[in-house]
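Taking it in order: structure first as structure tokens, then the write-up.
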Amino acid sequence: MDQGIIASLLQHPLASALVILDRAGRPIAANPAAREHGLPATIAAYGEVLEDLRLLAADGGLVPCQLPGGPGGRFDGWMRAVHDPDGQLLAFTLSVPEPVTAYAGSRWELALDHAGHGLWDWDLPSDSVRRSRRWDGQPVEDSHVRAEGVSALLENVHPDDQPAVRAAMDAHLRGESDAYTAQFRARHPDGGWRWVLDRGRVVTRTADGQPLRMVGTHTDIQAQKQMEAQLREQQVHLREAQRIASMGSWSWDPEARRFWWSPEFRALLEMGEDSMHGRRHWLRQLEPQSRGRLRGAWRRMWRDGAATTLELELARGTGALHLRVWMQPLIGPEGRIQRLLGQVQNITEQHQTDALIRWRTELLNRVSALGRIGGCEIEVGTRHMQWTEECYRIHGLRKEPISLDQALGLYTQDSRDAFEAALLRIADGGLPEQLDLCFYRQSGLRIWVQVLIELDRRDGLPTRFVVLFRDITREREANERIELLAHYDLLTGLPNRMLLREQTADAIEEAHDRGSPLAMLFIDLDGFKTINDTFGHATGDALLKAAASRLHQSLRNNDLFGRFSGDEFIVVLRDLAAPEDAGHVARKLIASLAEPLHRGESTLKVGASVGIAMLDDSRQDFESLLRAADAAMYAAKEAGRNTYQYYSQDALAKIQRKLEIEHALLGAIEREEFTLAYQPLLHAENDQPPAIEALLRWHRPGIGYCSPAEFIPIAEKCGEIVRIGDWVLAEACRQAAAWDAAGLKFDRVAVNVSAVQLRDRGFAERVIDICHAHGWPPQRLELELTESALIRDTDVLRHCFDVLERHGVPLAVDDFGTGFSNLHYLNRFPVGRLKIDRSFVQGMLHDAGTAEVTQAIVHLGHALGMKVVAEGVETEQEEAMLRRQGCDEIQGYLYSRPLAPRDLAQWLKLGTQTPSRESYVAVTQSV
């Protein structure tokens with residue numbers, strides 16, 4: 001680029017800062033204004049950042065750019081390319097229009113700040129606005145100075161004012177006005193609206209007149225607007241006062257310094273004809289505070305030349321007299337007061353009425369606050385509305401004027417529509433209405449109100465709606481809570497039995513109408529009870545929620561899913577293509593539970609047994625489907641668990657059998673249907689007396705014997721086992737004491753005890769009491785427990801065993817090796833004997849592995865200091881092997897079947913005479 005041209009550009013007295021850059025973007029020259037602000041160094045430091053802008057400028061045109069620096073924190077400039085006549089790129093120029101020095105900027109901004117104005121600067125090409133301070137007078141932090149466009153700023157303008165502001169701004173930008181001026185309401189940080197006066201002017205335009213930069217000021221005129229409102233209100237009051245009938249008139253002539261009083265005024269104040277005496281007389285009657293107010297108002301009026309009104313109180317023998325006084329000065333051409341005109345009104349009765357109204361209003365406000373009842377009046381014609389204080393409080397708003405539309409803006413759309421419709425019906429002559437409406441406070445809190453609307457027509461007053469608001473949020477939430485408790489399961493959030501029944505009824509009706517298949521699936525979690533008993537209810541609850549979530553994810557949106565009870569769930573499948581699809585869904589549900597659940601360091605896993613019942617002619621409602629699905633679920637459990645079964649008549653028969661037994665168990669003790677049979681246990685050493693195990697038998701009149709394997713699990717499930725167990729203990733102790741008194745020799749009597757009995761509080765104490773009641777030593781009463789009874793190590797169980805151990809009651813583990821074996825529990829609790837289950841005894845002669853198991857149990861029991869008993873011994877070969885393995889006691893049909901009390905007494909009497917295995921076998925055959 002020619003050096004002469006460069007020198008000419010740089011020596012030109014421009015107010016703008018100008019820097020010339022070579023084609024690589026390096027500064028090669030700058031004018032004084034640019035050097036003063038350090039622009040060459042800034043451009044050199046940000047050369048890589050400006051590379052994209054140079055590429056844009058090389059294509060032609062003016063490109064806006066911003067650089068850090070300057071008193072405001074940045075330079076706003078323009079970059080353009082310089083080409084030779086052939087279009088070859090020569091250099092670039094970067095200019096900053098009229099950069100303001102820090103001193104000048106701070107000086108002018110300080111002046112504007114003291115004048116109560118804030119300065120703003122709008123860069124139109126980049127649509128960024130910088131402000132010296134907020135419109136409300138607070139400074140703008142540097143961290144908040146950002147490219148904030150006019151559209152973003154307009155979002156803080158009141159919606160009603162935005163059109164006028166945009167129109168004024170657009171008119172000035174188009175050049176239709178010399179300056180931009182607008183007054184609008186802006187959102188204050190506290191959430192309210194404040195008035196702002198905004199003024200500005202375009203200071204930089206392009207060659208074709210397009211605006212580039214616009215600066216202006218904004219001023220908070222909220223106080224001015226409030227003052228204007230107050231002045232308008234005072235004007236209205238003055239006009240109203242002029243309409244009031246005069247109770248007494250007076251005037252004052254400053255030149256003659258004389259008062260004139262009307263006769264009514266004199267009569268009111270009880271003054272004579274002497275004006276000077278009368279003036280002094282009524283002034284002396286004024287209360288001291290009233291006298292001071294009158295002097296102050298008189299001085300202010302003469303000083304300001306403005307009308308004034310005040311209330312005075314005169315002391316009278318019959319009571320205080322309250323007056324309202326108006327004083328109006330008449331100003332002459334010279335600006336001096338030429339005459340005073342005034343009126344006086346007796347407001348004693350009004351004052352008393354106001355006091356009564358204030359007292360009643362305060363009382364009503366207290367009652368409204370206690371009852372949380374607010375009220376409002378709405379004029380039918382104008383929709384003008386007035387609220388009580390409690391109404392403001394209910395809506396969470398400050399006490400300031402509010403329109404009906406603004407208030408309804410808080411309410412939900414349904415509530416707004418219901419309220420407006422009610423107003424129309426009542427205005428057309430309808431009866432008063434009561435509605436429950438919902439709105440949201442500005443904080444986001446949901447509020448429910450009960451609204452009573454009625455129409456009030458009174459002579460001389462405009463027709464208006466009277467609306468009462470009562471806050472019923474707590475009641476509504478309580479009802480919602482009740483609804484939730486009534487229809488939903490709190491743990492899983494699923495519909496409960498009641499809601500599921502209603503939903504299923506609708507689904508059945510829909511299935512009938514469409515002719516589509518419908519299936520009910522009854523799901524029971526396998527293994528949940530063991531996990532719940534072992535790891536506690538918290539883990540059980542977590543497992544239930546996880547299982548419910550997995551099952552739910554495997555269903556379609558239109559399927560019904562709910563928690564029936566405990567670990568049982570119900571699924572209703574709608575719109576099935578074929579009945580076989582229910583089985584496919586059941587397999588999918590079972591598979592969804594295959595993944596273990598990790599709880600801390602424990603890995604938990606459950607399965608599911610699913611029963612399926614299809615809607616058909618014999619099952620037309622929820623209850624019949626439920627019974628069928630439940631029966632099918634039990635069939636799935638008997639089929640091996642973790643599978644599914646369709647309903648069949650056999651499954652229903654088994655369920656009915658269980659229900660029949662459960663019902664028959666109730667009262668069986670009172671009907672004396674239970675008896676005990678006794679089976680002896682022989683010691684491996686012949687020189688010791690045998691032990692006796694008491695076995696429960698249930699004979700149902702007209703039906704026959706019911707197997708303990710069938711009715712005991714049912715008794716445990718329904719809780720009747722506790723009463724039955726107490727009866728067994730009492731009968732066994734009574735019979736043992738009778739045998740002992742008859743001189744029959746035996747070691748101890750053993751009674752089977754359920755895990756449900758052990759978990760029953762006070763069980764151990766009852767055992768000791770039963771022994772004492774029948775005179776039987778607790779040391780000779782052995783309680784046989786199952787392995788599952790030891791799984792749940794609870795405070796109740798430990799207390800029970802502590803009591804039993806303290807009284808010497810021996811404990812034995814029955815059916816050892818078939819359940820949940822844990823050496824910790826065996827060592828933790830006072831167990832004295834292990835009973836090898838009959839399944840091992842019956843298989844040890846034919847399976848070497850089974851024989852090794854029995855040998856291991858014997859070794860384990862002896863290692864833990866326990867005796868080992870083998871049950872179910874039927875052959876001499878089994879007996880011989882058990883003796884070789886070191887078994888301590890043997891029980892089974894080889895020696896004796898379970899006998900009635902009389903038969904066992906004979907067995908003991910005969911066997912005791914020649915105590916040997918052969919003699920006991922012979923006695924058994926004879927008995």
### Query
List, please: which pairs have Cβ atoms under 9 Å, are six or more places apart or on different chains, and start with a residue in the range 508-524 that is over 22 Å from Ser648 (Cβ atoms) and at pLDDT below 90 and end with one that is part of a helix (DSSP H, G or I) and of a type in the set (D, E, K, R)?
Ser516/Glu510
#### Entry: Meets criteria (of a type outside the set (Asp, Glu), closer than 30 Å to His584 by Cβ and open to solvent by 10 Å² or more (accessible area, probe 1.4 Å)) for Tyr634
yes
### Query
Residues in the range 647-667 that are crowded, with 21+ Cβ neighbours inside 10 Å and not in a helix (DSSP H, G or I): how many?
1
### Task
Just need a number here: residues in the range 266-286 that are open to solvent by less than 70 Å² (accessible area, probe 1.4 Å), among the hydrophobic types (A, V, I, L, M, F, W, C) and modelled with pLDDT under 75.
5
### Task
Answer with yes or no whether Gly371 is out of contact with any His (no Cβ under 7 Å at 6 or more places or on another chain), at pLDDT below 75, surrounded by fewer than 14 Cβ atoms within 10 Å (Cβ to Cβ) and at positive phi.
no
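The rows are residues; the columns are (1) touching a Pro at 6+ places or on another chain (Cβ under 8 Å); (2) within 14 Å of Ile508 (Cβ to Cβ); (3) free of Cβ contacts under 8 Å to residues at least 24 places away in the same chain; (4) open to solvent by 60 Å² or more (accessible area, probe 1.4 Å).
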site	(1), (2), (3), (4)
Leu589	no, no, no, no
Ser592	no, no, no, no
Pro596	no, no, yes, no
Gly600	no, no, yes, yes
Lys605	yes, no, no, yes
Ser609	no, no, no, no
Leu615	yes, yes, no, no
Phe622	no, yes, no, no
Leu625	no, yes, no, no
### Task
Identify the residue in the range 789-809 that is more than 15 Å from Arg761 (Cβ to Cβ) and of a type outside the set (Gly, Ala, Ser) and, among all such residues, is modelled with the lowest pLDDT.
Asp793
### Scan of the range 185-197 for residues that are open to solvent by less than 30 Å² (accessible area, probe 1.4 Å), assigned to a strand (DSSP E or B) and either touching a residue at least 60 places away in the same chain (Cβ under 8 Å) or under 15 Å from Glu400 (Cβ atoms) (or both), ordered by number
Val196
### Query
If you go through the range 669-716, how many residues are closer than 20 Å to Leu785 by Cβ, outside any strand (DSSP E or B) and touching a residue at least 24 places away in the same chain (Cβ under 8 Å)?
5
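Against the condition among the aliphatic types (A, V, I, L, M), modelled with pLDDT under 90 and outside any loop (DSSP other than H, G, I, E, B), how does Ile394 come out, does it pass?
Yes; evaluated as a whole, the condition is true for this residue.
Yes/no matrix, rows are residues, columns are (1) at pLDDT below 90; (2) closer than 28 Å to Ala613 by Cα; (3) within 43 Å of the chain's Cα centre (by Cα):
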position	(1), (2), (3)
Lys637	yes, yes, yes
Ser648	yes, yes, no
Ala651	yes, yes, no
Lys654	yes, yes, no
Phe674	no, no, no
Glu685	yes, no, no
Gln688	yes, no, no
Ala691	no, no, no
Ile712	no, no, no
### Message
Can you find, within the range 577-587, the residue that is farthest from the chain's Cα centre (by Cα) among those that are open to solvent by 20 Å² or more (accessible area, probe 1.4 Å) and aliphatic (A, V, I, L, M)?
### Response
Ala578
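Let me confirm something: among Arg458, Arg441, which residue is farther than 30 Å from Glu623 by Cα and surrounded by fewer than 12 Cβ atoms within 10 Å (Cβ to Cβ)?
Arg458
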### Close pairs from the range 760-778: first among the acidic types (Asp, Glu), partner open to solvent by less than 60 Å² (accessible area, probe 1.4 Å) and in a helix (DSSP H, G or I), Cβ under 8 Å, at least 6 apart
Asp760/Val722; Glu765/Val803
### Task
Give the residue, chosen from Thr473, Thr530, that is of a type in the set (S, T, N, Q), touching a residue at least 12 places away in the same chain (Cβ under 8 Å) and out of contact with any strand residue (DSSP E or B) (no Cβ under 7 Å at 6 or more places or on another chain).
Thr530
### Message
Name the residue that is most open to solvent (accessible area, probe 1.4 Å), counting only residues in the range 755-785 that are touching a Gly at 6+ places or on another chain (Cβ under 6 Å) and either part of a loop (DSSP other than H, G, I, E, B) or over 16 Å from Arg798 (Cα atoms) (or both).
### Response
Gln779
### Task
Residue by residue through the range 679-723, note down the ones that are over 16 Å from Asp888 (Cα atoms), open to solvent by less than 40 Å² (accessible area, probe 1.4 Å) and in contact with a Ser or Thr (Cβ under 9 Å, 6 or more places away or on another chain).
Gln679, Leu696, Trp698, Ala715, Ile721, Val722
## Note on the structure
For the range 312-323, pairs from a residue that is under 13 Å from Glu270 (Cβ atoms) to a residue that is acidic (Asp, Glu) and surrounded by 13 or more Cβ atoms within 10 Å (Cβ to Cβ), with Cβ under 8 Å and 6 or more apart or across chains, are Leu314/Glu287; Ala315/Glu287; Leu321/Glu313; Leu323/Glu311; Leu323/Glu313
### Query
If you scan the range 880-908, which residues turn out to be open to solvent by 10 Å² or more (accessible area, probe 1.4 Å), in a helix (DSSP H, G or I) and closer than 30 Å to Thr675 by Cα?
Pro901, Arg902, Asp903, Ala905, Gln906
### Query
Which one of these is of a type in the set (Gly, Ala, Ser), at pLDDT 90 or above and out of contact with any Cys (no Cβ under 9 Å at 6 or more places or on another chain): Ala812, Ala848?
Ala812
### Message
Every residue in the range 291-329 that is loosely packed, with under 13 Cβ neighbours inside 10 Å and assigned to a strand (DSSP E or B), please.
### Response
none
### Message
Looking for something within 26 Å of Leu499 (Cα to Cα) and part of a strand (DSSP E or B) - is there at least one such residue anywhere in the range 616-627?
### Response
yes
### Task
Return the residue satisfying two criteria in turn: it lies in the range 19-38 and is assigned to a strand (DSSP E or B) and under 18 Å from Ala58 (Cα atoms), and of such residues it is most open to solvent (accessible area, probe 1.4 Å).
Ile28
### Task
Among residues belonging to the range 549-576 that are buried (at least 21 other Cβ atoms within 10 Å of the Cβ) and free of Cβ contacts under 8 Å to residues at least 60 places away in the same chain, point out the one that is farthest from Leu597 (Cα to Cα).
Leu573
## Note on the structure
For the range 724-738 the number of residues that are surrounded by fewer than 20 Cβ atoms within 10 Å (Cβ to Cβ) and more than 30 Å from Gln656 (Cβ to Cβ) is 5
### Message
Going by what's in this entry, would Arg497 be described as basic (Lys, Arg), open to solvent by less than 80 Å² (accessible area, probe 1.4 Å) and in contact with a Ser or Thr (Cβ under 8 Å, 6 or more places away or on another chain)?
### Response
no
### Query
Which of (1) closer than 21 Å to Gln88 by Cβ; (2) touching a strand residue (DSSP E or B) at 6+ places or on another chain (Cβ under 8 Å); (3) part of a helix (DSSP H, G or I); (4) modelled with pLDDT of 80 or more does Leu55 not meet, given it meets every other one?
(2)
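The values are calculated or read from the model by the stated rules, or taken from the named source; none is laboratory data. Values in this document were obtained by computation on a predicted structure and should not be read as measured data. Every residue, glycine as well, gets a Cβ built from its backbone with ideal geometry; the counts of neighbours run over all protein chains shown. These area figures cover heavy atoms from the full protein model, side chains too; ligands, DNA and RNA do not enter into them. Shrake-Rupley method; radii C 1.70, N 1.55, O 1.52, S 1.80 Å.
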